[in-house]
Amino acid sequence: MPRGDKSKYTDKQQRKAEHIEESYEERGVPQKEAEARAWATVNKQSGGGERKGGAGRKKSETAKRADRKDSAHRAAQTRAGDSPNRGSARQHRGAANTSLAEMTRDELLQKARERNIRGRSKMRKAELLRALS
């Protein structure tokens, strides 16, 4: 698939990108930049194209869900006037803005320790993911 080819994206992903792009353009972002940001958002949320052969099929549903939730939180902050670029709440969240699937086993173990999950020291990464989600 050549760079920039959108054939592996579903119709829903393409509509989402168009909607995001229009929103950026309404706020005065140049068309090329708006398009790039829109596709970056779609890729962040789904991991890429979700059709057969697309990269989005490799990203776990848990990771996709966490990224969509994070994206929604950042959008709500922006609407409330707290720009994510300023970093205020975003910096204080720390590791909360990374999905569980992207964390190392040690990071997951630390989270499990904080939540007092029994048997955590003997769990593998996949088991820790299941126990934490």
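The set of residues from the range 16-47 being hydrophobic (A, V, I, L, M, F, W, C), assigned to a helix (DSSP H, G or I) and surrounded by 16 or more Cβ atoms within 10 Å (Cβ to Cβ) comprises ALA17, ILE20, ALA34, ALA38, TRP39, VAL42.
Each residue in the range 24-81 was checked for being modelled with pLDDT of 85 or more, closer than 21 Å to ALA101 by Cβ and of a type in the set (Val, Ile, Thr), and 2 pass.
The values are calculated or read from the model by the stated rules, or taken from the named source; none is laboratory data. Keep in mind it's a predicted model, so treat the numbers as computed, not measured. Every residue, glycine as well, gets a Cβ built from its backbone with ideal geometry; the counts of neighbours run over all protein chains shown.
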